[in-house]
1. Here is a list of conditions, (1) at positive phi; (2) in the same structural domain as GLY358 (by TED's automatic domain parsing), and ALA280 meets all of them except one; can you say which number that is?
2. Which of the residues that make up segment 291-303 are touching a helix residue (DSSP H, G or I) at 6+ places or on another chain (Cβ under 9 Å) and surrounded by fewer than 14 Cβ atoms within 10 Å (Cβ to Cβ)?
3. For segment 707-728, give me each residue that is closer than 17 Å to GLU588 by Cα and either without any contact (Cβ under 8 Å) to a residue 40 or more places away in the chain or surrounded by 18 or more Cβ atoms within 10 Å (Cβ to Cβ) (or both).
4. More than 15 Å from THR504 (Cα to Cα), aromatic (Phe, Trp, Tyr) and part of a loop (DSSP other than H, G, I, E, B) - does that describe any residue in segment 453-461?
5. Those residues that are touching an Asp or Glu at 6+ places or on another chain (Cβ under 6 Å) and either aromatic (Phe, Trp, Tyr) or not assigned by TED's automatic domain parsing to the domain that holds CYS773 (or both), I need them from segment 859-917; list them, please.
6. Within segment 788-818, track down each residue that is closer than 24 Å to ALA881 by Cβ and either under 45 Å from the mean Cα position of the chain (by Cα) or outside the structural domain of THR857 (by TED's automatic domain parsing) (or both).
7. Suppose we filter segment 786-818 for residues that are in a strand (DSSP E or B) and within 14 Å of GLU770 (Cβ to Cβ); how many remain?
8. Suppose we keep only residues that are among the charged types (D, E, K, R) and under 23 Å from LEU974 (Cβ atoms) within segment 933-961. Which one would you say is farthest from the chain's Cα centre (by Cα)?
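The values are calculated or read from the model by the stated rules, or taken from the named source; none is laboratory data. All figures in this text were calculated on a predicted structure; none of them were measured in a lab. When we count neighbours, we look across all protein chains shown, and the Cβ atoms used for this are built from the backbone with ideal geometry, even at glycine.
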Amino acid sequence: MAVVNPCLQNGWDEWSHEAEEERRREEWTEWTGEEMNEKDEGKEEQEEEDREDEGCLEGKGSREENGGKVKDKLKSEDEEREGESNREERVEDKQVDVEQEEADEQEREISVTEEEEEEQGTSMETEDGEVSDLDGQNNEGLDQVVSEDESYNSEEENTGEGAPEEHCGHDIEFNLIRVEERLQHTLSSEEFKNDEEETVLELSSTWDDQEELPVKDEEEEEEEEQEEEEEEEEEEEEGEAEDLSPEYMDCDEEDMVKIYRETDYPTDMFHTLTEFRDSALLTDLILRTETGKTFHVHSLVLSAVSSFISERMSRANTKNNFRRDNDEKNGINKWSLDFGPDVDNVGLEAIIDFAYSGYVPNLDMDTIEQIKRAAQTLRVPRLMDLCNKQESARSGGTKETEEEISALEQMMISLRSMRQLWEDRVGCDVALEGIGDSLHVHRVVLAASSDYFRGMFTLGMKESHQSHVTLPFLMSSELEALISCSYSGLLPLSWRSIFELTCTVLQLQYRPGLSLCLRFLQEEMNPEFCLDVASFAEAYEMAQLLEIAEDFVLRQFQKVACTSKFKDLPVRQLLKYLNSHSLCVPSELVVFKAVVAWIQAKPKMRLKLARILMKTVHFPLMTFREFKEVKAIDLWVNQSLEELYQAVFEEFCSNEIEPQSQYRIYLPKESLVLIGGDRICEDLGTRCISRELWFGNSLLSHTGIRKTMEWRKLGEMPEPARFSHEVAVMRGQLYVFGGKKFYGLGDTLNSVLRYDPIENIWENLADMQERRCFFSVLVLDGQIYAIGGHCDPEYIDSVERYCPTANSWSFTKPLELPLSGHVAKVVHGQIFISGGRNSDYTCLASMSRYHPDTGSTHLSNMRQPRTNHCMEALHDRLYVAGGITVDQTMTGVDLLTCEMYSPQTDTWTSFMSLSVPHVGAGSAVLEGKFYVLGGYSQEDYSDTKTVHRYDPTLAQWENMGRMPGPNNDIRASLLCLPQHFRK
C-alpha cells in the first residue's frame, strides 16, 4: 500500500520499520489478540474525529517532530482521562480511516508498494533477529513487565490482522518509552528482591534447626515472582496511602522549632579570637601608641567595645590618622590608627584585654588613671564603669567573684555588638554565595567557628584572596543559620531540618553548630525519629550517638514498634534488637505483634523469615489470654506457616521449657545499688549490721506478671558497718554519709565515704560538722546538702553543705524546727521536704520548700502524717509511699496508703496502696518506675524482704522478688557500673 498524502510520505519508511518491530514484539508478548477486534469495531465511530484531526496530521514535517507532539498530547490526555479504555483506540484508528478515504488513489501504486514491502520485509528480518536477541537477554525482566502492565498495554495494541503498517509512529514510540520505563522499574525491583532473598539465605544458614525451603522449577519460580511483584506494588500503594495519616499527624512535631543555646559559647569564641590575635591570624587593625609600640588586633572585636573604632569602620573614606596599608595578605585589608599621649601602652593594652576577655587583669589603683584616659579617648563606656567600680574600693574576695561574673556578661554583650555589626554589614570582608542567596560576613568569625573556613582563609588557598566565595553545595538558608549561630551561640532546630543541617555542620567542621545539633538529636529523641537517628549515626560513624539511639529504641520498643518506620527496618537490624538483653517489653505479646507487623508490611518477601523471627519470641512466658491473641492473628492463614504455628503451639504448651525460655532477661542501663542496712540474724535472736553493697544486674520477666531481679554482690564498704545512713551519687561516684554503727546512744556517725566504681576504690572525705542519723541528703548545683536528723537524744534543725572541690562542709540556713525521719528531694532545682518527726515525737504531715539562703516555705500538707517513709521525684511529681503514722492513742502503725504531690498545683493525690508495710525502706527511680526495697513492719517488727515497683503508666504496684541480704534501714541508689561487673 502506497502512501499518497505527501505530509506522511517523508516519515513513512521509518514508521513502517518501527511498526514491524513493534508487531513482532507484540506477537511475542501476546498483546495483539484482544485489541484487534476492539479496534475494528471502533473504526466507524472515529471517522468524524479523523477529519477534525486531519489538519494536525498534515502539519507533520518529520517523524521525530510529529511523534513528539502527539506523544505530549497523549500524555496530557492520559493524566486527564485515566481509566478511559477507548482513548488509545481513537488515536490509532483515525490513521486507518484516513487511508481508507484514499483507497482509490492508492490502488494505482499497489505494485510499487508491494516491491517496497518486500524490500522492507527483508531488512526487517535481520533487524528482528537483533531485537529477539535483546529480548532474550531481558526475558526475565520482560516477563515481569508483561504481567504487571497487561491491562495497560492491551489498550495500545494494533487493530486487525496484519496491520502494523496502520499503526502510527507516535504510538509506537510512546509504547516503547512506556515499556522501557516499566522494564527499568522491574529490573530495580528484581535487584532489591534478590538482595532480600540473599539475606534470607544467609540468615537461614546461621540457624541449625532452620528447615530447607522447597526447590521449585523455573516456571513456578517465574510465576511466583510475577505474582509477588504484582502484590508488592499493590502493597506499596496501600502502604503509601496508609502512611499518609501518620505523616500528617506528625507534621506539627516535625516542624516544631526549638532554639538551642551553647552556654559557654562567648567564652569559647573569644578564647579562639585571642589565640588568633596572639598568632596574628586575620588581624586587620594596627594600633600604635606615641612611643611606637604596635598592637595587631581584629577591628571587629575592638569595635564591639569602642564606638570610636566602630564609627571609623563604617566610614568608606579615610581621614586624618585613619589610613589603609597596602598589605592584603590572606585577603585582609589592614588599616592602622596612631594615638597621642592620652592613649599610652598601659591604657591601650587594658582596652585590648577587656575587648578579648571581658576583664582587665592589670586594673589597680596604680594604673586606673591611665586606663580611664584611654577608655575616654576610644569611648569604651563599659571599661569606664569597671574603673569606677574599682575606685569604690571593693574587697578583694568580692571583687574576684564579681569580676568572674562580669567577664562572662561582658563577653556576651560584646558578642551581641558583633552580631549587630554583621547585621548592619559593617566591616564584612567576604561574601558567601550559597544556593539561593549570598551573605556578607566577617572572615575572622567564620574562621573562629569553623575549621573548614579557618583552613580556607589562613592556609593560602585562593579563596583567602577573594572577596566573593561560592559554596555550590550549601543552601543559603542553612548557611545563614550557621553564620547567625557564630554571632550568637543560638541555633533554631527542628526534625524537618536537623539531618541536613548536621550533614552541613560536619562538612564545614562547624564546632558550635555540631554540639548543638548533637544535643538536639539526643535530647529531643522520640519513638518517631529514633530509628532515623540510629541510621544517621551509623552512616556517619558516630558511635556515641548510635549507642544512645539504639538504647532508646530498645527501652521504648513498644512505642517504636507502632511507628511506620519500624516496618522499614532491615531484617538484620530487627534481629539485633529482638535478641538484645536491653530490649524492654512488658510482655512477650509485644514482641510477637512487632514481628507480625514487620512481616505483614511486605508479606511475600518476608514470610520466609517468619521462622527465624519467631525464635526471638518466648511463647512459654505468655498467659493463655495472650496466646489467644497469637492464635487469632491472620498471619497463620498462609499455608506455608501451618507447620510454624504448630511448632509455636507446642512450644507454648510444653512442660519442658528450655532455660533460655524460662524468662526474658533485661539489662537496665544503670544498676540499682543497695548500701548497708541491718537484718535479723539466722538465729532470730540478734540483728547484724552490714557493710555489703549489692546491685541488681538484670530484671527477669517470667510467665505473666511474675518478675524478679538478679542480684549480685558489688563488695563491702570500709569499717564501720552502718544503717540509718544516707547516700548520694554525683559525677558517677557514690557518697555515703553518717548513720549509726550500732544501737547505742554514742554510735551515731559523721564520717563520709566516696566510692569510685571505675577504679573500684573507697576514699575517706571530710567529716560532717554534726553527727546525724535518720536525716536526708540530696545533690543540688554540684553540691551536697545534709538536712536535719538526730543524734541521740537531740533532734537537729541544722543544714550543712558539702563542696567537693574544697572537700569542706559549711552551714546554711537552718530548718524552722528540728526534724528526723523526713525525706528531702529536688524537683526543678527546688528542695522539697515531707513528713518526719519533731522534737516532741509528733508525726508530721507537713510539706515545705527549702532554700539554703532563705529557709523554709510551708506548702499543702499530706493527707496523712508519716515518718520513715520513701519519697522520690518522678515526671515532675513527688511520689510518697510506706512509712508509719500514729493512731488516736499515739501508737505507731504501718501506713500502706500512698500519695503523689504536684508542685505546679500544690495538691496531693492518692494512688494505689502497698500490699505490705515498708518502714525504713530504701527507694530509687529506675527507668521511670518507683522502687521501694525492704524495710520492716511496725506492727511486729518483722523484716519486709520484698521489692515492690510502681509503674505510673499502669498505675499499679508490681512484685519484683526478694531482697538479697540486709533490708532494714537500708539505702538505695543508681550507679553506672563497668561492664566487667555485669558479665
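1. Tallying (1) at positive phi; (2) in the same structural domain as GLY358 (by TED's automatic domain parsing), ALA280 fails exactly one: (2).
2. Looking only at segment 291-303, we keep the residues that are touching a helix residue (DSSP H, G or I) at 6+ places or on another chain (Cβ under 9 Å), and these are 291, 293, 295-303.
THR291, LYS293, listed by residue number.
3. The initial filter retains those residues of segment 707-728 that are closer than 17 Å to GLU588 by Cα, namely 707-708.
Passing the criteria: only LYS707.
4. Taking segment 453-461 as the starting set, the residues that turn out to be more than 15 Å from THR504 (Cα to Cα) are 454-461.
Then keep just the ones that are aromatic (Phe, Trp, Tyr); that gives 457.
Then keep just the ones that are part of a loop (DSSP other than H, G, I, E, B); that gives none.
Within segment 453-461, none of the residues are more than 15 Å from THR504 (Cα to Cα), aromatic (Phe, Trp, Tyr) and part of a loop (DSSP other than H, G, I, E, B).
5. Passing the criteria: TYR879, TRP908.
6. The answer is GLY788, GLY789, LEU815.
7. First pass over segment 786-818, keeping only residues in a strand (DSSP E or B): 786-787, 790-791, 794-796, 799-803, 808-811.
Next cut, within 14 Å of GLU770 (Cβ to Cβ) only: 786-787, 790-791, 794-796, 799-802, 809-811.
Residues flagged as in a strand (DSSP E or B) and within 14 Å of GLU770 (Cβ to Cβ) within segment 786-818 amount to 14.
8. Step one: filter segment 933-961 for residues among the charged types (D, E, K, R), giving 939-940, 943, 945, 949, 951, 958.
Retained after the next criterion (residues that are under 23 Å from LEU974 (Cβ atoms)): 945, 949, 951, 958.
Values: LYS945: 41, ARG949: 29, ASP951: 25, GLU958: 31 Å.
Looking at residues that are among the charged types (D, E, K, R) and under 23 Å from LEU974 (Cβ atoms), I get LYS945.
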